[in-house]
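Here is the structure we will look at, set down as structure tokens.
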Amino acid sequence: MPPTARILLVDDHEDMLYALESALAPLGQPLGRATSGDEALKQLLRGNVGVLLLDAHMPGTGGLDVVRWMRRLEQTRHIPVVLLTGFARDHRLGAAAYRLGVADLVTTPVDPWALRTKVRHLYDTHQRGLALEAEVRALRALRARLDAAGAPAARPAPALPHAHVPPAHPPGAHTAELGGDRT
């Protein structure tokens, strides 16, 4: 996993890119920018993107087109996407976006605090998922090396004791010695 993945901001309007950068700068993560869908795809293919904020309506390759391409490729399939639109809630756009696995559809102008919170959560969750995938790959590789080396199969874990075990008498003690029957 890359040490610090970028948050990629994609919009065809420079003023919107500036507003997004200002809103997300306090997160302390590197920010990337693209001004077209085609440029966004190129940056996604270069890797190291943790979250994508994407304008839904751009000339040429629009936001939904970018997401369609992303979902076809293993390396970009699981990157969280927040789709941005300057138009009022469009139910068809929302339905198409969510069918493609977009994390959220946000109407601009955005509340910077809410956007930061959402992006931080998506970014952290995605990074944890990548770390878990890397750990699973490492464990599988270790298992394959052990199997190839002829290491014995792992023994099953010992059975757990019963939930209630009566107290044991000290070794060698008799009931009479413990204060029981004194006859």
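The values are calculated or read from the model by the stated rules, or taken from the named source; none is laboratory data. Remember, it's a predicted structure, so these values are computed and weren't measured experimentally. Methodologically, a virtual Cβ is constructed for each residue, glycine included, from the backbone with ideal geometry; neighbour enumeration extends over all protein chains shown. Side chains included, ligands, DNA and RNA excluded: accessible areas come from the protein's heavy atoms. Shrake-Rupley method; radii C 1.70, N 1.55, O 1.52, S 1.80 Å.
On region 75-153, 61 percent of the accessible area sits on carbon and sulfur atoms, based on a 1.4 Å probe.
Please arrange His91, His57 by accessible surface area, largest first, computed with a 1.4 Å probe and ligands excluded.
On the way: His91 160, His57 80 Å².
Accessible-area ranking of His91, His57, largest first: His91, His57.
Per-residue extension of 0.36 nm, minus the Cα-Cα distance of Ala144 and Leu27, leaves a gain of 38.2 nm for this segment. Within region 1-110, the GluC sites (Glu not before Pro) that combine a DSSP coil assignment with at most 11 other C-beta atoms in a 10 angstrom radius are Glu74.
Taking amide H positions as modeled 1.01 Å from N, with prolines and chain starts lacking one, no residue 5 or more places away or on another chain lies under 5 Å from His78.
Might you tell me the accessible area per residue for region 27-117, computed with a 1.4 Å probe and given in Å²? Don't skip to the answer; put the middle values down first.
On the way: 4630 Å² over 91 residues.
On a per-residue basis, 51 Å².
Our note on the geometry: Cα centres of region 128-150 and region 49-101, 33 Å apart. Loop-resident trypsin sites (Lys or Arg not before Pro) (DSSP state other than H, G, I, E or B) in region 7-81 with no more than 12 further Cβ atoms inside 10 Å of their Cβ: Arg77.
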